[in-house]
Amino acid sequence: MAEAHWYVVHTYSGYENKVKVDIEKTIENRKLQDQILEVSVPLQEVEEMKNGQRKSSMKKMFPGYVLLYMIMNDDTWYVVRNTRGVTGFVGPGSKPVPLTEEEMANLGIKNNGLVIDFEVGDTIKVIRGVWEDTIGVIQSIDIQKRIITINVDMFGRETPVELNFTDVKKM
């Protein structure tokens, strides 16, 4: 499977939030949650002096741009490119170029070097929450969402249950 990267999309000025909402709706409608993982309009807190009083407000860091954490393929490219208000991906020609680790660090986007010590097929014990003290075998791991799925026996049936990484420990 391809790896997800951060991409920058150019939008009409003032349409950043509308583009974000429209892309998120399209992701839900077309069930692309596993391909377009995050849509972001970076904001920063700014303090201003108005009428002799200090006020703080949130301003867009990059007016006219939206950041996307996604797996680039024909479907995701088409969805983003054909969203109302999007003028195109940032990059030379028609080929989008992902942000480098250095560029992401400069923008304040941290690639959290999450290290997990379990994998699919490992036996784990739930240490917190509703399923505390339950033992199960990992069926799937979603690193972006920080969720693992195990099967739990409920009423004589195997039922998948999603748990946070922090709620389990390896046996």
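Each residue of the stretch 37-45 was assigned a 3J(HN,Hα) from its phi angle through the Karplus expression (A = 6.51, B = -1.76, C = 1.60, θ = phi - 60°), giving 8, 8, 10, 9, 10, x, 10, 9, 7 Hz with x at Gly and Pro.
Computed 3J(HN,Hα) for the stretch 6-11, one whole-Hz value per residue from the Karplus formula 6.51 cos²θ - 1.76 cosθ + 1.60 where θ = phi - 60°, is 8, 10, 10, 10, 8, 10, glycine and proline marked x. Dividing the Cα radius of gyration of the stretch 1-55 by its Kirkwood radius returns 1.17 for Rg/Rh. Projecting label points 7 angstrom from Cα along Cα→Cβ for Ile141 and Met58 puts them 3.3 nm apart. Put simply, the amide H of Val168, placed in the peptide plane, has neighbours under 5 Å in Ile127, leaving out anything fewer than 5 places away on its chain. Each label was represented as a point 7 Å from its Cα along the Cα-to-Cβ direction; for Asp133 and Glu162 these points are 2.7 nm apart.
Take every Cα pair under 8 Å whose residues are at least 6 apart in sequence, average their separation, divide by the length of the chain, and the relative contact order is 21 percent. In this label model, Glu103 and Lys18 are separated by 2.6 nm, measuring between points 7 Å along each Cα→Cβ vector. For the stretch 1-67, the share of accessible area belonging to carbon and sulfur comes to 46 percent (1.4 Å probe, ligands and nucleic acids excluded). Largest GNM mean-square fluctuation among Gly85, Gly52, Gly93, using the chain with Cα springs under 10 Å: Gly52. Heavy-atom accessible surface of the stretch 1-155, averaged per residue, reaches 66 Å², computed with a 1.4 Å probe. Here the stretch 40-86 is assigned +1 on the Cβ of each Lys and Arg and -1 on the Cβ of each Asp and Glu. Its dipole about the Cα centre then comes out at about 300 debye. Structure note, pairs Lys20/Lys59; Lys18/Lys55; Lys18/Lys60; Lys20/Lys55; Lys31/Lys60: Cα-Cα distances above 23 angstrom occur for Lys18/Lys55; Lys20/Lys55; Lys31/Lys60. Across Asp142, Asp34, Asp117, mean-square fluctuation computed from a Gaussian network of the chain (C-alpha pairs under 10 Å connected) peaks at Asp117. With axes computed from alpha carbons, what is the tilt in degrees of helix 16-30 against the longest principal axis of the chain, rounded to the nearest 10 within 0 to 90? Approximately 40 degrees, to the nearest ten.
The values are calculated or read from the model by the stated rules, or taken from the named source; none is laboratory data. What you see is a predicted model; the values in this text were computed from it and never measured. Note: ideal-geometry Cβ built from the backbone for every residue, glycine included; neighbour counts use all protein chains shown. Side chains included, ligands, DNA and RNA excluded: accessible areas come from the protein's heavy atoms. Shrake-Rupley method; radii C 1.70, N 1.55, O 1.52, S 1.80 Å.
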